[in-house]
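K.L.:
First, the structure itself, so that you have it in front of you.
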Amino acid sequence: VPDTPKVLILMGSVSDVDLMRTCWQQLAELGIASEVRVASAHRTPDLVRELVTSAPGRGLRVIIAGAGWAAHLAGAVAAHTTLPVIAVPLATSSLQGIDALLSSVQMPAGVPVATVSINGARNAAILAAQILALSDEALSARLSQLRESQAEKVSNLKVDST
Ligand code: RP5
């Protein structure tokens, strides 16, 4: 029986898939199942609301929203839920993601969105895992291992300075 997805990953367009792939890949490496859907704040607002309002009943605990241009997806998601929402601003427009970054990060007080870096899909996954790890000791241990393996990669790095 596959694990129930704990993280809902939304993207504004199928054209966002390549930039978001590391998100579900990183979650899978940490042993977290995710549900990946395309839903747009502007083009399919009713679908966004439906996916988000039904999320807790389906066992989902954290929502990640990746979008480019005037990226309202994460804010629109956050409007419908008290689950933690993480935004990934995507560099898909001529403004290279600065537009999406500001649209995502500048939420007015009362409806927070945690925003990672432009194209920061992997960090969104790790942050979601850290939230889930608050009530999952085994996951917390896997996150510590991830940090250790990252540190080893840095300290074992050989620089050819000749
Ligand atoms: C945003 O604008 C999406 O997140 C995507 O980055 C872009 C639209 O992409 P297309 O569907 O026009 O390729 O809504």
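The values are calculated or read from the model by the stated rules, or taken from the named source; none is laboratory data. Every value quoted in this text rests on a predicted model; they were computed, and no experiment measured them. Glycine also receives a Cβ, built like all others from the backbone with ideal geometry; neighbour counts cover every protein chain displayed. The area values use the complete protein model at the heavy-atom level, side chains included, leaving out ligands, DNA and RNA. Shrake-Rupley method; radii C 1.70, N 1.55, O 1.52, S 1.80 Å.
K.L.:
Could you tell me which of the residues ALA41, ALA109, ALA28, ALA71 is in a loop (DSSP other than H, G, I, E, B), open to solvent by 50 Å² or more (accessible area, probe 1.4 Å) and among the hydrophobic types (A, V, I, L, M, F, W, C)?
P.N.:
Residue meeting the stated conditions: ALA109.
K.L.:
Within region 112-137, track down each residue that is in a helix (DSSP H, G or I), without any contact (Cβ under 8 Å) to a residue 24 or more places away in the chain and open to solvent by 60 Å² or more (accessible area, probe 1.4 Å). Steps first, answer last, please.
P.N.:
Taking region 112-137 as the starting set, the residues that turn out to be in a helix (DSSP H, G or I) are 121-133, 137.
Adding the requirement that they be without any contact (Cβ under 8 Å) to a residue 24 or more places away in the chain leaves 123, 130, 133, 137.
Those that are in a helix (DSSP H, G or I), without any contact (Cβ under 8 Å) to a residue 24 or more places away in the chain and open to solvent by 60 Å² or more (accessible area, probe 1.4 Å): ASN123, GLN130, GLU137.
K.L.:
Is it true that SER15 is within 14 Å of the ligand (Cβ to nearest atom), outside any helix (DSSP H, G or I) and not hydrophobic (A, V, I, L, M, F, W, C)?
P.N.:
Here the answer is no, as SER15 does not meet what is asked.
K.L.:
Would you confirm whether or not region 48-61 contains a residue that is closer than 25 Å to LEU101 by Cβ, among the polar types (S, T, N, Q) and modelled with pLDDT of 95 or more?
P.N.:
No, that holds for no residue.
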